Amino acid sequence: METKELNEKLDLVLQNTKEVQKACEELDVKVNEHEGIKEVVEKTASAIEDIQLARQKEAGEVAALKEITGKLEESLCRAVKGANDGAVKQFAEYGDAFNRYLKTGVEMDSELVSEVVDGIVNKSLSGASPEQVAAITKSMVVGSNPRGGYLVRPEVSAMMIQRVFETSPLRAVANVQTVSSDSLEIIIDDNEASDGGWVGEVTPRPETDTPEIGELVIPVHEIFAQPKVSQKFLDDAGVDVESWLQGKVTRKISRTENTAFIRGDGSRKPKGLLAYADADAWQTYQRTRIQTYTATGTAGQLDNANDLKTLQNGLKEEYQANSIWGMKRATFGDIIILKDNDDRYIFESRFINERDQMVLLGKDVVFMNDLDDVAADALPIVYGDFSEGYTIVDRMGFRVLRDDLTEKPFIKFYTTKRTGGDVTSYDSWNRLRINA
């Protein structure tokens, strides 16, 4: 019986008793000589006694429940701290199953849940009666998420720890164009008119060659992602799952397109910096070929600082003002520890300028994680003016279609972006190839 109900009945009985006693006093009748009033008083005393016993029993049950809960929490803490037994292994399996439930909506195995709950409760309630163990076990399973989603609800922070992925931020240095069609056409004017030479007054003037122009078409390609989550997860999660998921997807798509700007082959994706063949000779211009300098150091290594100076100096002066270095962070680490024959660091000047930007030989260094590692015949370093040398074409930004119909109860987030890219100048940047 609920405490509130008991109190209400007690108050009612007391009120009735007082009214009867008052009536007896007014009639000057002795309570003990009147059988009807005597019966009422006895029942009232019995009711008061029952209420007091109920209150004592309830207080004892509350205290017992608090003690049981404390033991349970202590047991869970011991399990988390790594008690090396079968129950802990089973609890780890339970955790994995719960993570799958959150990510996919697949319900947890009820048998596994019951076994874990039984194991923890039995260890926690040593000395408790079988009835107490059964009651707590039942309440833990029934009172949790579907099939035992939670045993103990932890406090969840609003902060989320995320892994940092390295990429190749070519957009920051390239020429970015936005178009309203599915391609961008660029005229290549890289030829010059020929002259016939110096002539005399009556020397014949033969016809000379007319300069030829070319055309480069940069098509727009589509990249997509389509993650899905359950409706229940969206409803019950303690964070904004949609915003978190869209942020993860857009960052992943951005890294994927950055990789294509470096390594793409042009087939249903942008054509990257490394997709072009070397020019036939160093400092020889060829359309659709890239000037590439082969390092003179040890095969498979970057151990000659003069190769970097040669690569930089091989670029025409018109492009030097806006030129940058592109390489992996590990490659830059190999460069800054180069030493001369007297065991002195070759690059002794500061590697960070006043803008907190890494610099090498006076030019900014941009870490491009999709370039090659230092290895035989690899292309780990590029140098040049990428605002001239590479063009990125955007048709539209990210577009998200929220699909809650095709696979209920899951929600799909169909995310697309259309972009393209290609080399647009073949002499505004150079590459370094490691000696094989």
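Please go through the residue pairs Lys271/Lys339; Lys309/Lys339; Lys252/Lys309; Lys252/Lys412; Lys316/Lys363 and name each one whose alpha carbons sit more than 25 Å apart in this structure.
Among Lys271/Lys339; Lys309/Lys339; Lys252/Lys309; Lys252/Lys412; Lys316/Lys363, the Cα-Cα distance tops 25 Å for Lys271/Lys339; Lys252/Lys309.
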Estimated distance in nm for a label pair at Asp334 and Asp356, the labels positioned 7 Å out from Cα along Cα-to-Cβ: 2.9
Would you mind putting 309-321, 410-422, 288-300, 175-187 in packing order, based on average other-beta-carbon counts within 10 Å, highest first? 410-422, 288-300, 309-321, 175-187
Full-extension gain in nm, Gln226 to Glu207, via 0.36 nm per residue minus C-alpha separation: 0.7 nm
Estimated FRET transfer efficiency when R0 is 56 angstrom, pair Asn341-Ile186 (beta carbons, to 0.05): 0.70
Binned at 5 Å from zero, the C-alpha pair distances of the stretch 316-424 give percents of 2, 9, 12, 15, 14, 13, 9, 7, 6, 6, 4, 2, 1, 0, 0
Please report the net charge: other residues with Cβ closer than 11 Å to the Cβ of Tyr319, K and R +1, D and E -1. -4
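Since every read-out is calculated from the coordinates, none of them should be taken as a lab result. Remember, predicted model here, so these are calculated numbers, not experimental data. With ideal geometry, Cβ positions are generated from the backbone for all residues, glycine too; neighbour counts draw on all protein chains shown.
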